[in-house]
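Engineer: Dumping the structure here so I can ask a few things about it.
Taken together, the values in this text are just the output of simple stated rules run on the coordinates, not laboratory data. Owing to the predicted nature of the structure, the values given are computational and were not obtained by experimental measurement. Quick reminder, even Gly has a Cβ in these numbers, built from the backbone with ideal geometry, and neighbours come from all protein chains shown.
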Amino acid sequence: MSDAQTTVADLRARVAAFVAERQWQPYHDPKNLSMSIAIEAAELMEHFQWTRSDELAAVLADAPRRAEIVDEVADILCYVLALANVAEIDLAAALDAKLAKNAAKYPVAEFRGRYYKPKA
């Protein structure tokens, strides 16, 4: 399985089947899933805590650390897909809409190669 050969729908179906096989639906409500996303994101951040920017390449090149980082990213993705299933969120449409909003908020001519908080 790879990104190039797998659709978002495939991933959602795999997560839904995993949850259904374990009868976890009662526990997979939007509150619990959103909290789980935050918890897993915090666990991901721990892998980079106190790491200087110039050390990041070495962290990602270290096979055991990278494997742990990949696991945390997968945990986050599982919960995002589960939340999308429960809340009936079309992830592709949501991403497309958000990118359109961000394109308007961060025009290329003004933000290429730099970032600052836009004026509200």
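Engineer: Given the structure, is ASP75 assigned to a helix (DSSP H, G or I), within 29 Å of ALA93 (Cβ to Cβ) and out of contact with any Gly (no Cβ under 9 Å at 6 or more places or on another chain)?
Structural biologist: Yes.
Engineer: Same structure, new question: For region 52-95, what are the residues that are of a type in the set (S, T, N, Q) and touching a helix residue (DSSP H, G or I) at 6+ places or on another chain (Cβ under 6 Å)?
Structural biologist: Passing the criteria: only ASN85.
Engineer: Looking for something charged (D, E, K, R), farther than 18 Å from ILE89 by Cβ, out of contact with any strand residue (DSSP E or B) (no Cβ under 8 Å at 6 or more places or on another chain) and loosely packed, with under 11 Cβ neighbours inside 10 Å - is there at least one such residue anywhere in region 5-23?
Structural biologist: yes
Engineer: Out of all the residues in region 74-120, which are among the aromatic types (Phe, Trp, Tyr) and exposed (fewer than 10 other Cβ atoms within 10 Å of the Cβ)?
Structural biologist: Within region 74-120, TYR115, TYR116 qualify.
Engineer: Looking at this structure, is ALA97 farther than 24 Å from SER36 by Cα and within 22 Å of the chain's Cα centre (by Cα)?
Structural biologist: Here the answer is yes, as ALA97 does meet what is asked.
Engineer: For the subset of region 79-120 comprising residues that are of a type in the set (A, V, I, L, M) and outside any helix (DSSP H, G or I), which member is nearest to ALA17 (Cα to Cα)?
Structural biologist: Result: ILE89.
Engineer: Let me ask something additional. Quick check on region 24-65: of everything there that is outside any helix (DSSP H, G or I) and in contact (Cβ under 8 Å) with a residue 24 or more places away in the chain, which residue is surrounded by the most Cβ atoms within 10 Å (Cβ to Cβ)?
Structural biologist: HIS28
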